[in-house]
Amino acid sequence: MAVSETREQKGLNRKECWKIVNEAFDEALRIAQDRLFDHPFTRELKAGTLPIECIRGWLLNSYAWALEINSSAAYKYYLFNDLLSQKVDLLAMLADKRGDEYATPGRGGHQRTMDVLGKALGLSPKEMQEYHQLPAMRGMLDMIVWGNESSQRLGMSLAEELLGHWCGLWFESLVKHYGLTEADAFYFHLHAEADSQSDHQSGDSIGHEIMGHGQSHRYLAVRILEDGLMEPEEMKQTVLRQAGLDGYLNFLDALYDTYHPTKGISDVEQTRR
């Protein structure tokens, strides 16, 4: 439901809202984790048998992900200016998230930690910045950016919490199996902490502990229910629909088949993914 269609509050208190939200997110997270962690790409990464070409391919295609999504997500301030000007807790939470992305662990934020990771994997910033992404990634990323800039919903997402858990697996595997140091793989440690934990120590430019990015989506869902912007069942179905991960799993399929030395599909086949 669009914000402009706000109904009168129907009496759910915050405790009841948290119960509904946690049940919906936990169920969706279980489904999504089963699908993501059972993918051949993830299984081999965990075992340390995923070829390094696939790991470099993931980084080359994902380099633009955070920067483009964070930039487009900031447009929500404009779309929901009237709402956020009245709900200062949501405005503060979103401001913390944007600031954290751009300031942790220092100037340039999360994006700069990808440069460190790339260097450890033999990739230069220029190579990552100018890489021609697989259609499966480019299309998914364009869809997300378009949604951020046009949606009439103050969107809640399962993605950050899910990918926070996945980043924890990346960090452990790269250090254990691929010879990277903890400093080399800090990008994944940072996201495992910021996205999947309840609280997160932000960078020097913010200087205080903020709500975990995954938790912030649960809090947003609570406020949406509490203020009558969405019915409980509608909220549950909105979250559960995200558990399919069709776009991201399609991207992993394309990654696996394109960069794996024993696969190597053609450019024509890539466009079908």
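What FRET efficiency comes out for the pair E16/V88, r = Cβ-Cβ distance, R0 = 25 Å, nearest 0.05?
Values: r = 23 Å, r/R0 = 0.92.
E between E16 and V88, to the nearest 0.05, is 0.60.
What ranking do 225-237, 55-67 get when scored by the average of other Cβ atoms within 10 Å per residue, highest first?
Details: 225-237: 16.9, 55-67: 19.4.
The densest-packed peptide leads the list: 55-67, 225-237.
Which value, in debye to the nearest 20, gives the size of the charge dipole of region 3-270 about its Cα centre, when Lys and Arg are +1 and Asp and Glu are -1 at the Cβ? Kindly include the intermediate steps, with their values, before the conclusion.
Details: 26 positive and 41 negative charges, 28 e Å.
About 140 debye.
May I ask you to list the trypsin sites (Lys or Arg not before Pro) in region 104-141 that are in a DSSP loop and have at most 16 other Cβ atoms within 10 Å of their Cβ? Write out the running numbers ahead of the final one.
Numbers: sites: R107, R112, K119, K126, R138; in loops: R107.
In loop regions of region 104-141 (DSSP not H, G, I, E or B), the sparsely surrounded trypsin sites (Lys or Arg not before Pro) are R107.
Ranking R43, R218 by Cβ neighbours within 10 Å, fewest first, what do you get? If you can, show how the numbers build up before the last one.
Working: R43 12, R218 23.
By the 10 Å Cβ count, ascending: R43, R218.
Let me make sure I get this right: for region 66-115, a, b and c are the square roots of the gyration tensor eigenvalues over alpha carbons, sorted descending. Under 1.5 in a/c it's rounded, otherwise prolate if a/b > b/c, else oblate. Which is it? All intermediate terms of the calculation are to be shown ahead of the outcome.
Working: a/c = 4.52, a/b = 2.00, b/c = 2.26.
In terms of gyration-tensor shape, oblate.
Can you sort W146, W170, W18 from fewest to most other Cβ atoms within 10 Å of each residue's own Cβ?
Values: W146 11, W170 22, W18 17.
The order, fewest Cβ neighbours first, is W146, W18, W170.
Only counting other Cβ atoms within 10 Å, I'd like M137, M128 sorted with the fewest neighbours first.
Working: M137 25, M128 20.
So the ranking, lowest neighbour count to highest, is M128, M137.
In nm², what is the average projected area of the convex hull enclosing the Cα atoms of region 3-270? Before the final figure, lay out each step's value.
Working: hull surface 57.2 nm².
About 14.3 nm², averaged over all directions.
For region 3-270, what does the relative contact order come out to in percent, with C-alpha contacts under 8 Å and a separation of six or more?
On the way: 332 pairs, mean separation 88.5, N = 268.
The value is 33 percent.
Only the coordinates and a few stated rules stand behind these numbers; no lab work does. A quick note: this is a predicted structure, and the numbers were derived from the prediction, not measured. Quick reminder, even Gly has a Cβ in these numbers, built from the backbone with ideal geometry, and neighbours come from all protein chains shown.
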